Every structure is written in C-alpha cells, then in structure tokens.
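As structure tokens, the structure follows; a few thoughts come after it.
Each value in this text was obtained by applying a stated rule to the coordinates, not by laboratory testing. On a predicted model such as this, the values are computed, not experimentally measured, just so you know. Cβ: placed from backbone, ideal geometry, glycine included. Neighbour counts: every protein chain shown.
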Amino acid sequence: MGQSTGGAAARADDLTVVHLMRHGEVHNPHGVLYGRLDGFHLSALGAEMAHLVAAHLQTNDITHVVASPLERAQETAAPIAADHDVEVHSDARVIESENRFEGRGTSAGELFHPRNWHLFRDITKPSWGEPYEEIAARMLAAIADARDAARGHEAVIVSHQLPVWTVRNKLEGRRLWHDPRKRECTLASLTSLTYQGDELASIAYSEPAAELLAKASKSVGA
C-alpha cells in the first residue's frame with residue numbers, strides 16, 4: 001500500500017504488525033449511546049469474547065498492548081496482555097469519538113427526533129461529533145507509536161468501532177464519511193496492519209470471536 005505514517009528508518013527485514021481490535025460486548029441494559037461515559041463495562045459475553053481473542057493471539061509475537069482509557073477497552077485488552085506478560089498502556093488517542101448523542105437512547109425515534117435535526121446538517125464532517133479527519137489523525141499517530149514500540153514484532157491496540165473504521169478508510173484511501181451500518185468492524189474483531197519498515201504493506205480483517213456474535217445485543221452503544 002506504500003503509505004508511511006512516520007517513525008524510525010526502515011530495514012529490509014523490518015516487519016511489524018499492529019492489530020486494531022474493537023472491544024467486546026458492553027453491559028448496556030438501558031440501550032444508551034455510551035460514547036465516552038464512564039461506568040460501561042464488558043458484559044459476560046464481552047468478557048468471553050476478550051478471552052477468545054486472547055486465545056487466538058496466544059502464539060503471536062505480541063510485545064506491546066495499548067488500550068483506550070475507557071473500561072470496556074481496558075477489560076478487553078487485559079487477557080491479551082496477561083498472556084504475553086506485558087502491561088496495558090493507556091492511550092487517549094484511541095478513545096471513542098466525541099458524540100453529541102452521548103447518553104441518549106439509540107432508537108430511531110430518539111436519534112431522529114426534530115430537536116436533533118440541526119445535528120445532521122453536515123454528514124461528511126460529521127456535524128454531530130468529532131470530525132472524521134481528527135479521528136484519523138489521532139489514530140494514525142497512536143498506530144505509528146505502537147508500531148515503533150513493537151518494531152519487528154506485533155502490537156495490539158484496543159479501540160472502538162468508529163476510530164478503527166475511520167483510520168482504515170484513511171489508510172485505504174476511501175472517503176471518511178460513510179453509512180455506519182456498513183462498517184466492517186464487529187465486536188472483538190481485528191483489523192491487522194502489516195508494515196515493512198514504516199510502509200504499510202497490507203491490511204487484513206478477521207473475526208476471532210465470530211461464533212459469539214449471534215448472541216450479542218443488537219443495541220448500538222459505540
């Protein structure tokens with residue numbers, strides 16, 4: 001793919017993988033869009049997802065684990081870090097995006113109520129939250145640092161659906177605004193970036209917890 005995100009000079013045999021992982025299912029009985037709110041932990045199913053992905057990655061050469069400071073990301077990262085005897089590094093740059101709907105219900109009636117119409121004035125920015133370009137920029141910076149920390153090995157960054165999908169769109173040269181229903185980033189999925197030196201060589205997507213997705217809540221939280 002040939003896109004550089006900066007960092008140390010490359011060597012011919014310098015191969016590094018950065019896995020972008022979305023957190024597992026969250027306990028959200030009231031169906032709110034939790035965004036950056038505190039107090040939203042993994043559900044029992046979400047914890048099972050985290051352990052299933054940790055088992056999937058157990059033989060990988062992971063030397064660096066990063067997570068969003070939010071509880072659900074930290075809890076998802078914990079079993080991966082434990083299996084590889086490394087600590088979880090918190091990085092606010094991979095946190096969920098800002099959203100004006102945070103704390104509200106996720107039903108169509110709630111989101112598209114006339115009082116919210118002004119928030120939809122520009123879907124390309126988007127006008128209801130953090131600009132896509134800003135999300136992509138902070139994610140790229142965090143990815144570059146994780147790649148440098150794990151150079152020659154593998155890193156895992158546990159983040160959230162929108163940041164992961166936004167930076168993937170950026171890296172693949174696609175427009176950043178999109179239909180949220182078409183994101184390829186399910187719960188506990190991996191978007192794996194392989195770098196030759198500082199050059200992005202490939203992007204792969206996988207769902208190690210696919211067998212559990214049918215049991216997950218259909219409520220959109222983040």
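Brief remarks on what is shown
- Taking amide H as placed 1.01 Å from N in the peptide plane, the amide H of A216 sits under 5 Å from none that are at least 5 places away or on another chain.
- Ellipticity estimate at 222 nm from DSSP helix runs (n ≥ 4, -39,500 (n - 2.57)) divided over the chain, nearest 500: -8000 deg cm²/dmol
- Using Cβ point charges alone (K and R +1, D and E -1), the dipole size of the chain about the Cα centre works out to roughly 1020 debye.
- Folded to 0 to 90 degrees: helix 44-56 orientation relative to the chain principal axis, Cα: 20 degrees
- Base-10 log of normalised Debye intensity for the chain (one unit scatterer per alpha-carbon) at q = 0.11, 0.18 Å⁻¹: -0.52, -1.34
- Calculated Rg and Dmax of segment 115-183 using C-alpha coordinates, Å: 14.2, 51
- Global geometry of segment 155-221, whether rounded, prolate or oblate, following the gyration tensor of its Cα atoms and the 1.5 cut on a/c: oblate
- Set the Cα radius of gyration of segment 22-73 against 2.2 N^0.38 Å, with N its number of residues, and you get 1.27.
- Only lysine pairs 8 or more places apart or on separate chains count here, and in the chain those with Cα atoms under 18 Å apart total 4.
- If the convex hull is drawn through the Cα atoms of segment 8-99, its volume per residue in Å³: 112 Å³
- Here is the size of segment 82-122 from its Cα atoms: Rg then Dmax, 17.4, 51 Å.
- Integer Hz, Karplus 6.51/-1.76/1.60 couplings in order for segment 164-172, x for Gly and Pro: 5, 5, 5, 5, 5, 4, 4, 5, 8
- Computed over segment 98-222, the Cα gyration tensor eigenvalues convert (square root of 5λ each) into semi-axes of 29, 19, 12 Å, ordered from largest to smallest.
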